[in-house]
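Q: Please read through the structure below; I'll follow up with questions.
The values are calculated or read from the model by the stated rules, or taken from the named source; none is laboratory data. As the structure is a prediction and not an experimental result, all values here were calculated from the model. Heads up, the Cβs are rebuilt from the backbone with ideal geometry, glycines too, and the neighbour counts pull from every protein chain shown. Please note that ligands, DNA and RNA were not included when accessible areas were found on the heavy atoms of the full protein model with its side chains. Shrake-Rupley method; radii C 1.70, N 1.55, O 1.52, S 1.80 Å.
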Amino acid sequence: MREFSIRKAGPDDLDSARTVMLDTVHRDFGTGYVPRWHGDIIDLHGAYVAPVRHTLLVAVDERDGEVVATAALDSRGPAHPPNPRWLAERYPSGSTAQLRRVYVRPEHRRRGLARRLVAALLDFAAADGGYRSVYLHTDPGVPGAEAFWRSLGEVVCDEREETGQRVVHFEVPTVHPTARVLAASPRG
């Protein structure tokens with residue numbers, strides 16, 4: 001059985017983390033790299049490592065040191081546009097922890113890595129003390145993404161119903177015991 005460690009990304013992890021992310025936007029999103037949506041991927045240090053209230057985590061295969069999954073958190077709420085105005089007002093920047101780039105390489109999915117990463121992000125947000133809510137959006141066309149997020153949070157806006165866009169917005173409870181998140185994983 002493979003062992004994976006979850007850790008804060010260091011300088012030596014950034015290129016590998018970027019590769020996981022870019023592979024995901026090309027393979028799973030079908031859009032490829034779009035600067036206005038994915039600019040943070042190019043500057044991971046500036047987006048997630050340097051800012052004190054942001055973080056970038058990686059899951060690493062202990063056998064070979066390969067980065068196989070990523071997860072990030074920042075203090076930017078959803079922007080309007082392109083998101084609905086009421087959503088941007090409900091989740092303002094500064095008091096909203098936005099979960100981003102929770103990506104797992106396909107060959108390493110269904111091993112509890114995303115749940116472990118999200119649990120660590122929630123712990124980070126709680127330790128910060130300044131976040132009032134935890135928000136994210138996902139593309140429901142990505143295999144398993146919608147079901148995964150529904151198991152952890154509550155849908156606050158399904159744009160397929162409201163605007164026809166392929167985006168679902170979620171809030172994850174801020175008082176979300178790590179044990180509950182990990183217990184939802186078959187491998188803890």
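Q: Name the pairs: first residue in the stretch 40-59 and farther than 10 Å from ALA71 by Cα, second residue basic (Lys, Arg) and modelled with pLDDT of 95 or more, Cβ to Cβ under 7 Å, at least 6 apart or on different chains?
A: Qualifying pairs under 7 Å: ILE41/ARG18; LEU44/ARG18.
Q: Here is a further query. Identify, from the list LEU22, LEU14, LEU44, the residue that is open to solvent by less than 80 Å² (accessible area, probe 1.4 Å), modelled with pLDDT of 95 or more and more than 15 Å from the chain's Cα centre (by Cα). First the steps, then the outcome.
A: Numbers: LEU22 fails: more than 15 Å from the chain's Cα centre (by Cα); LEU44 fails: more than 15 Å from the chain's Cα centre (by Cα).
Result of the check over LEU22, LEU14, LEU44: LEU14.
Q: Let me ask something additional. Among the candidates THR163, THR138, single out the residue that is modelled with pLDDT of 95 or more and of a type in the set (Val, Ile, Thr).
A: THR138
Q: Could you please give the count of residues in the stretch 131-153 that are closer than 29 Å to VAL52 by Cα and more than 15 Å from the chain's Cα centre (by Cα)?
A: 2
Q: OK, next. Being within 15 Å of the chain's Cα centre (by Cα) and either of a type in the set (Gly, Ala, Ser) or open to solvent by 10 Å² or more (accessible area, probe 1.4 Å) (or both) is the requirement here; does VAL104 meet it?
A: On the way: within 15 Å of the chain's Cα centre (by Cα): yes; either of a type in the set (Gly, Ala, Ser) or open to solvent by 10 Å² or more (accessible area, probe 1.4 Å) (or both): yes.
Against the criterion (within 15 Å of the chain's Cα centre (by Cα) and either of a type in the set (Gly, Ala, Ser) or open to solvent by 10 Å² or more (accessible area, probe 1.4 Å) (or both)), VAL104 qualifies.
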